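Asker: Once you've had a glance at the structure underneath, I'll fire off some questions.
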Amino acid sequence: MASPPSGRTASVDSDQLLVEANGSTRTLILNRPKQLNALSSTMIKELLRNFIAYEKDDEVKLLIMKGKGRAFCAGGDAAAGSQSILNEGWKWGANFFGNQYLLNYRIATCIKPQVSLLTGIVMGGGAGVSLHGRFRVATDKTVFAMPETALGLFPDVGASYFLSRLPGFYGEYVALSGARLDGAEMLACGLATHFVHSNRLLLLEESLKRVDTSNPFVVCGIIDQFTEQPSLKENSSLNRLEIINKCFSKRTVEEIMSALEQIMASNLADEWVVATILSLRNASPSSLKISLRSIREGRTQTIGECLRREYRMVCHIVRGDFSRDFFEGCRAILIDKDQKPMWMPPRLEQVDDDTVEQYFSRIDDPQWEELNLPTKHSHGRNVESKL
């Protein structure tokens, strides 16, 4: 599809994605505000089509990603997705996640700099379409989380790559507990590259639209003009990094829980410890165990290796090979909203190491194929460097 004239907005497929052209800059606007810009299959395919086109288009120098309304992106549309898998079969889910992970990889390896304006909610799939880009701008209104363990899933979209590279064992804490971080915390731990107050975001965007280069140092210099250094709140989890490292460095989820419970039983306990234990107790035991293993493996893997492994894991989940917790989590949290998922198995000790191991294996089905990622361009970004 040809780019619209400068300043004009093109709409595609029921306006779920808007594309605005300003000179050499393209602004991709996630446009499902009533659904908090949750990613549909249509949005993922359109984003993928655009990224492939922009990679080849010499006239396009800079990409901006943002969301319409009060959210950047609340993640993949899990409620609709789980229903589609039940109605259409596991192949629908495999295709949905396969396209999503391919998009994540394209973003991570894109030679054109991407600036993601992370105002409002950034969760799950929303992190996947932003955090793999070069510049991630958090604000005073940003709320980030990877809440998948509460849904019977695991932090995917390459989260085992970007979370495993956070300070100490903070990534394990964020992955297992589904903890919410604000913009200052995102900047402090490295998930965001910049912090800009929300009332200056439009000015930043207007400056970026005048960019006529793909030079990341020039783009960074422009963002730097609007950047602040926010202070962490007193109750920030980053102020508990010593406790997090002590507990979440343990080998198993059971040992992590035990370490947290020991702190709760001591005089050192505070509301944060209690809330963290409660989050873990409410999460799917199967999800907790495969998530911990995923983050640990991600520490030594490339983004491509992480996404290929995560694709194996998610295909087992959409097939319900070892547990149907994903469908139960979507029912309890997103559809019926009774907030009372009945996890199977219900206890950590009932999820043995052999079962966890199976989530990381190939799918024994003639219709299944490994995730096919394009060969990385020799002139592409070095996506294996740490965030």
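The values are calculated or read from the model by the stated rules, or taken from the named source; none is laboratory data. Not measured: the values here are computed from a predicted model. Cβ placement follows ideal geometry from the backbone for every residue including glycine, while neighbour counts extend to all protein chains displayed. For the accessible areas, the whole protein counts, side chains as well, though only heavy atoms, and no ligand, DNA or RNA atoms are used. Shrake-Rupley method; radii C 1.70, N 1.55, O 1.52, S 1.80 Å.
Asker: Just to check your reading of the model, which residue among Ser258, Ser249, Ser286, Ser266 is within 19 Å of Ala150 (Cβ to Cβ), out of contact with any strand residue (DSSP E or B) (no Cβ under 8 Å at 6 or more places or on another chain) and among the small types (Gly, Ala, Ser)? I'd like the intermediate steps shown before the answer.
Answerer: Details: Ser258 fails: within 19 Å of Ala150 (Cβ to Cβ); Ser249 fails: within 19 Å of Ala150 (Cβ to Cβ); Ser266 fails: within 19 Å of Ala150 (Cβ to Cβ).
Criteria check complete, one pass: Ser286.
Asker: A further question on this structure: Among the numbered criteria (1) surrounded by fewer than 17 Cβ atoms within 10 Å (Cβ to Cβ); (2) over 25 Å from the mean Cα position of the chain (by Cα); (3) in a loop (DSSP other than H, G, I, E, B), which one does Val211 miss?
Answerer: (1)
Asker: Still on this structure: Test Tyr311 against the criterion of being at pLDDT 95 or above and in contact with a His (Cβ under 7 Å, 6 or more places away or on another chain), and give yes or no.
Answerer: Numbers: at pLDDT 95 or above: yes; in contact with a His (Cβ under 7 Å, 6 or more places away or on another chain): no.
In short, no.
Asker: Next up: Looking only at residues in segment 5-55 that are at pLDDT below 95 and either part of a strand (DSSP E or B) or of a type in the set (Lys, Arg) (or both), which one is surrounded by the most Cβ atoms within 10 Å (Cβ to Cβ)?
Answerer: Top of the filtered list is Val12.
Asker: Between a residue in segment 187-202 that is open to solvent by 10 Å² or more (accessible area, probe 1.4 Å) and part of a loop (DSSP other than H, G, I, E, B) and any residue that is aliphatic (A, V, I, L, M) and at pLDDT 95 or above, which pairs come within a Cβ distance under 9 Å, given they are 6 or more apart or on different chains?
Answerer: Close Cβ pairs (under 9 Å, with a partner that is aliphatic (A, V, I, L, M) and at pLDDT 95 or above) amount to Gly190/Leu166; Thr193/Val137; Thr193/Ala138; Thr193/Leu187; Thr193/Ile223.
Asker: Something else about it: Among the residues that make up segment 142-151, is at least one of them small (Gly, Ala, Ser) and surrounded by 24 or more Cβ atoms within 10 Å (Cβ to Cβ)?
Answerer: No - not one qualifying residue is present in segment 142-151.
Asker: Can you name every residue in segment 56-99 that is open to solvent by 30 Å² or more (accessible area, probe 1.4 Å), assigned to a loop (DSSP other than H, G, I, E, B) and in contact with a helix residue (DSSP H, G or I) (Cβ under 8 Å, 6 or more places away or on another chain)?
Answerer: Lys68, Gly69, Arg70, Ala74, Asp77
Asker: Same structure again: Find the residue count for segment 113-141, including only residues that are open to solvent by 20 Å² or more (accessible area, probe 1.4 Å) and either among the hydroxyl-bearing types (Ser, Thr, Tyr) or more than 12 Å from the chain's Cα centre (by Cα) (or both).
Answerer: 4
Asker: Of the conditions (1) open to solvent by 30 Å² or more (accessible area, probe 1.4 Å); (2) part of a helix (DSSP H, G or I); (3) modelled with pLDDT under 95, Ser258 satisfies every one except a single condition; which number is it?
Answerer: So Ser258 meets the others, but not (3).
Asker: It is to be established whether one or more residues within segment 124-147 are touching a Lys or Arg at 6+ places or on another chain (Cβ under 7 Å), farther than 29 Å from Gln225 by Cβ and touching a residue at least 12 places away in the same chain (Cβ under 8 Å).
Answerer: For segment 124-147, residues touching a Lys or Arg at 6+ places or on another chain (Cβ under 7 Å), farther than 29 Å from Gln225 by Cβ and touching a residue at least 12 places away in the same chain (Cβ under 8 Å): present.
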